[in-house]
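Following: one structure in structure tokens, then a few remarks.
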Amino acid sequence: MSDVVQINNLAVSFSTDAGAVKAVDDVTLRVAPGEVLAIVGESGSGKTVTAKTILGLLPETATASGAVILRSKDGSTEADVISLSKRELREVRGSDVAMVFQEPSTALNPVYTVGWQIAEGLKAHAKLSKSEARAQAIEILERVGIPEPEKRVNYYPHQFSGGQKQRIVIAMALVLNPGLIVADEPTTALDVTVQAEILDLLRRCRDEFGAAIVLITHNMGVVADLADRVAVMYQGKVVEEADAKTLFASPQADYTRRLLASVPKIGQGRASTQDRATSRGAEWESAAPVVKAEGLRIQYPGRLGRPGFVAVDGVDFEIRAGEVLGLVGESGSGKTTIGRAIGGLNRVTGGSLKVLGVEMNGVRERRFKPVRADIGFVFQDPASSFNPLLTIADCVAEPLVVHGRASSPQAARGRVNDLLEAVQLPRSYGDRFPHELSGGQRQRASLARALALEPTLLIADEPTSALDVSVQARVLELFAELQKEFGFASLFISHDLAVVDILADRIAVLHRGKLVEEGTGAQVLGNPQQPYTQRLLASLPVPDPVEQADRREALRALRAQSA
């Protein structure tokens with residue numbers, strides 16, 4: 001065969017206490033040398049299970065049938081992965097097929113240097129001395145764009161940024177020069193500028209290393225940017241397969257059309273934000289803002305004689321009653337630091353920050369504690385923000401109990417049921433534990449908990465970044481409905497400009513702790529003035545392969561100008 005991998009009639013089911021659950025049902029796919037095949041679909045569609053089958057990474061509870069024929073890069077050998085023994089699987093992993101995992105922080109071992117971890121793969125497949133393995137590790141780090149590789153080969157994972165860790169995971173996949181790379185959501189938690197760099201790197205993997213790529217993602221913009229062909233999965237089946245241009249221009253399956261319609265687009269929410277602006281009376285402008293920052297400065301203290309790190313430097317902004325301010329910028333720009341400072345979780349070290357009339361610079365907890373009930377917080381990862389030992393009802397009731405609005409979770413159950421219904425979750429879900437809910441359902445429950453005390457101000461920190469597009473669309477609709485119903489002011493933090501444009505009345509752009517641009521969505525995203533905002537906007541991939549190719553060239557030109 002000429003294909004790098006052929007998947008024929010693959011079926012995978014998992015054994016559970018309630019019986020067998022079929023995750024993949026009669027899937028047939030192929031990947032040619034040097035081709036990028038994107039497998040897309042919402043959570044639970046079977047795309048990751050299909051990808052892991054190629055490497056034989058299914059757990060022991062899984063039963064697979066069909067065939068996954070993997071060919072070596074030189075074409076000399078072929079093997080059916082499903083029938084290989086553990087020893088034979090170790091031979092093909094790394095050399096014939098390698099995987100880039102979704103979360104680089106968990107894929108890298110925190111107690112070993114990155115050089116040691118890259119060399120470990122080399123030593124497993126080739127007889128190399130320690131110095132030879134180190135030299136190859138340095139070379140591959142340089143090729144994936146890690147600065148000062150001779151020095152940083154001795155660094156530990158925590159000493160790298162999120163984007164750099166993803167580059168290191170890609171380096172580990174490339175070091176043995178495999179014919180196929182399986183990339184499982186390689187850009188999910190990355191901001192748009194870093195995401196654009198990782199996509200460029202994956203494109204180089206294909207062009208310079210000659211590797212074929214199976215890309216697992218829910219981001220249709222990433223698919224349009226990188227993929228040659230696209231397979232759409234739904235409930236374990238492939239419902240549509242076509243080359244990228246054809247699929248985006250003329251989707252045939254109803255599910256594909258719904259998936260593409262769920263992708264947020266710049267300018268999509270401007271009509272609703274304009275309606276909100278015109279409905280506000282003159283007294284709205286003269287009323288005291290809910291949050292007001294003037295020259296806000298937040299500095300983290302240095303340690304071991306090192307100077308402190310200034311995370312936020314001289315920022316001015318306001319949030320008025322019932323208004324949504326979108327705060328955007330890349331990782332490390334200070335977005336979350338500002339959100340945490342408003343919530344009283346970070347200390348203000350300079351300037352002024354007034355939250356609901358309380359000056360946060362030098363505030364004492366006794367003074368701020370009564371105000372906490374008026375502030376809701378929706379965290380980025382709902383799975384880690386919930387106590388896994390408590391039911392959803394107990395988690396949602398917790399603010400009511402802490403602030404004395406209810407004597408116990410049981411006493412608050414009526415209010416909890418109303419909140420669950422408000423976020424479109426059945427009351428019965430209150431008796432479930434967090435791990436029994438999907439990502440989108442957990443985020444809805446997180447919204448219910450944040451609204452439990454009917455806050456005046458809601459801080460939403462990247463609430464949709466880890467959700468697939470169809471779930472994200474439903475959560476965004478729900479957020480807009482709840483904001484209209486409850487009338488809370490909100491700071492909505494995100495790195496996705498299209499998401500912010502849908503919800504926000506005004507958008508503020510942060511860069512290295514400074515506010516570089518602020519205005520309405522039409523002003524900031526429709527006609528950006530600052531070079532950084534222009535680069536940020538150009539980095540956002542759009543779900544159209546033809547337009548995305550033009551945007552990619554425009555981004556390269558902007559990078560060249562700023563270099």
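Tabulated data for the structure shown
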| item | result |
| --- | --- |
| Residue in the range 97-107 that is farther than 20 Å from residue 3 by Cβ, without any contact (Cβ under 8 Å) to a residue 12 or more places away in the chain and not hydrophobic (A, V, I, L, M, F, W, C) present | yes |
| Residues of the range 270-290 classified as more than 27 Å from the chain's Cα centre (by Cα), surrounded by 13 or more Cβ atoms within 10 Å (Cβ to Cβ) and not aliphatic (A, V, I, L, M), total | 5 |
| Test result for residue 127, in the same structural domain as residue 31 (by TED's automatic domain parsing), among the basic types (Lys, Arg) and free of Cβ contacts under 8 Å to residues at least 24 places away in the same chain | yes |
| Residue 444 vs. criteria in contact with a Ser or Thr (Cβ under 9 Å, 6 or more places away or on another chain) and closer than 23 Å to residue 322 by Cβ | no |
| Checking residue 434 against (1) closer than 26 Å to residue 290 by Cα; (2) surrounded by 21 or more Cβ atoms within 10 Å (Cβ to Cβ); (3) modelled with pLDDT of 85 or more, the condition it does not meet | (1) |
| Selection within the range 3-19 - assigned to a strand (DSSP E or B) and either closer than 24 Å to residue 86 by Cα or β-branched (Val, Ile, Thr) (or both) | 5, 6, 7, 8, 9, 10, 11, 12, 13, 14, 15, 16 |
| Residues located in the range 446-469, provided they are on the phi < 0 side of the Ramachandran plot and over 19 Å from the mean Cα position of the chain (by Cα) | 448, 449, 450, 451, 452, 453, 455, 456, 457, 458 |
| Residue satisfying condition, being acidic (Asp, Glu), in contact (Cβ under 8 Å) with a residue 60 or more places away in the chain, closer than 14 Å to residue 266 by Cβ and surrounded by 20 or more Cβ atoms within 10 Å (Cβ to Cβ), within set 505, 501 | 501 |
| Members of the range 227-256 that are part of a strand (DSSP E or B) and closer than 28 Å to residue 20 by Cα | 231, 232, 233, 234, 237, 238, 239, 240, 241 |
| Residue match in the range 70-88 (condition: in contact (Cβ under 8 Å) with a residue 60 or more places away in the chain, part of a strand (DSSP E or B) and among the charged types (D, E, K, R)) | yes |
| Some residue of the range 291-301 being surrounded by fewer than 19 Cβ atoms within 10 Å (Cβ to Cβ), modelled with pLDDT under 80 and either of a type in the set (Val, Ile, Thr) or assigned to a loop (DSSP other than H, G, I, E, B) (or both) | no |
| Per-region count, the range 405-431, residues among the aliphatic types (A, V, I, L, M) and modelled with pLDDT of 90 or more | 6 |
| Residue 49 part of a strand (DSSP E or B) and at pLDDT 85 or above | no |
| Residues (at pLDDT 90 or above and outside any helix (DSSP H, G or I)) located in the range 101-130 | 108, 109, 110, 111, 112, 113 |
| Subset of the range 494-530 [more than 20 Å from the chain's Cα centre (by Cα), more than 14 Å from residue 329 (Cβ to Cβ) and not in a strand (DSSP E or B)] | 505, 520, 521, 522, 523, 526, 527, 529 |
| Test result for residue 66, assigned by TED's automatic domain parsing to the domain that holds residue 212, in a helix (DSSP H, G or I) and in contact (Cβ under 8 Å) with a residue 40 or more places away in the chain | no |
| Scan of the range 28-43 for residues that are more than 28 Å from residue 441 (Cα to Cα) and part of a strand (DSSP E or B), ordered by number | 28, 29, 30, 31, 36, 37 |
| Conditions (1) crowded, with 22+ Cβ neighbours inside 10 Å; (2) over 29 Å from residue 338 (Cα atoms); number of the one not met by residue 391 | (1) |
| The range 65-81, residues that are surrounded by fewer than 19 Cβ atoms within 10 Å (Cβ to Cβ) and not polar (S, T, N, Q) | 66, 67, 69, 74, 75, 78, 79, 80 |
| The range 10-25 residues that are closer than 10 Å to residue 63 by Cβ, paired with ones that are basic (Lys, Arg) and in a strand (DSSP E or B) (beta carbon under 9 Å, 6 or more apart) | 11/22; 12/22; 13/22; 14/22 |
| Residues of the range 396-412 that turn out to be touching a helix residue (DSSP H, G or I) at 6+ places or on another chain (Cβ under 6 Å) and touching a residue at least 12 places away in the same chain (Cβ under 8 Å), as a count | 4 |
| Tabulated pairs, the range 34-45, first modelled with pLDDT of 85 or more, second surrounded by fewer than 23 Cβ atoms within 10 Å (Cβ to Cβ) and of a type in the set (Lys, Arg), C-beta under 7 angstrom, 6+ apart or interchain | 34/206; 35/229; 36/206; 37/229 |
| Residue match in the range 324-331 (condition: surrounded by fewer than 19 Cβ atoms within 10 Å (Cβ to Cβ) and either more than 30 Å from residue 542 (Cα to Cα) or assigned by TED's automatic domain parsing to the domain that holds residue 164 (or both)) | no |
| Hey, residue 5 in contact with a helix residue (DSSP H, G or I) (Cβ under 7 Å, 6 or more places away or on another chain), of a type in the set (Val, Ile, Thr) and either farther than 30 Å from residue 437 by Cβ or not assigned by TED's automatic domain parsing to the domain that holds residue 95 (or both) or not | yes |
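The values are calculated or read from the model by the stated rules, or taken from the named source; none is laboratory data. Model, not experiment: these values are computed from the prediction. Reconstructed Cβ throughout: ideal geometry from the backbone, glycine too, with neighbour counts over all protein chains shown.
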